[in-house]
Amino acid sequence: MTRYFWPITTSVLSAIISALLMMSPWTFGLNLSGHSWSPSTETFFWSGIALLVISLVGTILWIMGLRSTLTQQRQSTPASETKEPDRPPSKTPEPMVSQDELWDQQLRQLAQEVLRDIDPVQSGAVPYNRRDS
């Protein structure tokens, strides 16, 4: 949300400044020729109109972007907030395995694999020959 704050604020301030630019020849007495429309008056007025249109278009586009971001965030709810479908309770509780038992099991498997790699007879790479002497 904060990424939209400064562009929208800047666009609104630009629109206000462009409105002041449009009115400046009459409000600040910048019309030095004495006529209602002079070249300077026309320049200030039409420049103000162009800047006002650009500022308003920018403001509208940034507000539309903010609005679409808000609707996307509203539609996508986090997984923790979504409800799981009701499941019937399981009749047999799953056995609880402690961390020590898991370590023992994994270490036992690892030790058996290491022994198979070390002993070529157990791994099946070399046939077992028994001497009868």
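Quick note: the coordinates plus some simple rules give every number you see, no bench work behind them. Worth saying up front: this structure is predicted, and the values here are computed from it rather than measured. Glycine gets a Cβ as well: all are built from the backbone with ideal geometry, and neighbour counts include every protein chain shown.
Here are a few things to note about the model shown:
- Spin-label pair Asp100-Thr9: with each label point 7 Å from Cα along the Cα-Cβ axis, the two points sit 6.0 nm from one another.
- Taking Cβ atoms as reference points and 15 Å as the exclusive limit, the residues near Gln106 contribute a net charge of -3, counting Lys and Arg as +1 and Asp and Glu as -1.
- Ranked list, fewest to most other Cβ atoms within 10 Å of each Cβ, for Ser55, Ser14, Ser68: Ser68, Ser14, Ser55
- Here the Karplus curve 6.51 cos²θ - 1.76 cosθ + 1.60, taken at θ = phi - 60°, turns the phi angles of segment 62-70 into couplings of 5, 5, 5, x, 4, 5, 5, 5, 5 Hz, with x standing for Gly and Pro.
- Direction-averaged projected area, Cα convex hull, segment 2-75: 5.2 nm², rounded to one decimal.
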